[in-house]
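Got a structure here, written out as structure tokens. Questions coming.
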Amino acid sequence: MSAFLTDQFARGDAAGWAAGALAAAGLLVLAGGCAWLWRTDVREHLLPGRLVRPLYPVCGGLLGAAALVAGEPVRLLWMLWGLVVMGGIYVLLRLLHPAGMGMGDVRLSGLLGMCLGFASVWHAVLGAAAGFVLGGLAGALLVAVGRAGPGPAWPSARR
């Protein structure tokens with residue numbers, strides 16, 4: 001992503017600046033939305049669809065417009081593939097073990113896959129892998145220090 005921004009701003013023309021500004025705005029919206037989601041998740045232990053769903057058209061629109069203004073429409077396809085790959089993995093995991101993952105996680109994964117796909121499909125694949133690796137390491141650390149054990153983490157997950 002930083003390469004895209006650097007390349008666009010370095011072009012020095014109006015289209016480059018517009019593409020860079022649109023992409024930066026898309027990333028800022030994503031960052032703000034994720035901060036809001038993190039806060040909600042810490043307090044309520046869920047990622048509400050009413051917070052995740054609006055981020056799809058806003059982030060997708062800004063990043064998609066940046067790709068078109070930059071003259072790189074292939075990024076739209078990458079975004080779609082990122083959404084399908086990352087979102088699909090999480091949908092499959094949800095179907096295989098519904099108690100192991102909430103629908104908020106599934107919704108958020110598609111958004112993150114779409115935004116990572118803007119950089120490349122490879123970024124979306126690496127993002128999905130990094131999420132699992134970091135989540136596994138965090139879980140192992142919690143078990144090692146005695147803050148987690150077998151069974152659901154949240155009382156609401158015991159239903």
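Remind me, relative contact order of the range 43-159 in percent, using alpha carbon pairs under 8 angstrom and six or more residues apart?
Relative CO of the range 43-159 lands at 28 percent.
Positive end of the charge dipole of the chain (Lys, Arg +1 and Asp, Glu -1 on Cβ, about the Cα centre): tell me which of Leu77, Trp122, Leu108 has its Cα farthest that way.
It is Leu108.
For the chain, set up a GNM with springs between Cα atoms under 10 Å and report which of Val133, Val85, Val121 has the largest fluctuation.
Val133
Next question, about the same structure. For the chain, with a Gaussian network of springs between Cα atoms less than 10 Å apart, report the residue from Asp13, Asp105, Asp41 with the top mean-square fluctuation.
Result: Asp13 has the largest fluctuation of those listed.
What is the dipole size for the chain, taken about its Cα centre, with +1 at each Lys and Arg Cβ and -1 at each Asp and Glu Cβ, in debye to the nearest 20?
600
Taking +1 at the Cβ of each Lys and Arg and -1 at the Cβ of each Asp and Glu, which of Ala66, Ala25, Gly149 sits farthest along the dipole of the chain towards its positive end, judged by Cα position relative to the Cα centre?
Among Ala66, Ala25, Gly149, the one farthest towards the positive end of the dipole of the chain is Gly149.
Per q in 0.10, 0.12, 0.18 Å⁻¹, report the Debye log10 I(q)/I(0) for the range 1-157, using one uniform scatterer on each alpha carbon and no solvent.
Here log10 of I(q) over I(0) equals -0.41, -0.57, -1.09.
No lab work stands behind these numbers, since they all come straight from the coordinates. Computed from a predicted model, the values in this text were never measured in an experiment. Positions of Cβ are generated from backbone atoms using ideal geometry, with glycine treated the same way; all protein chains shown enter the neighbour counts.
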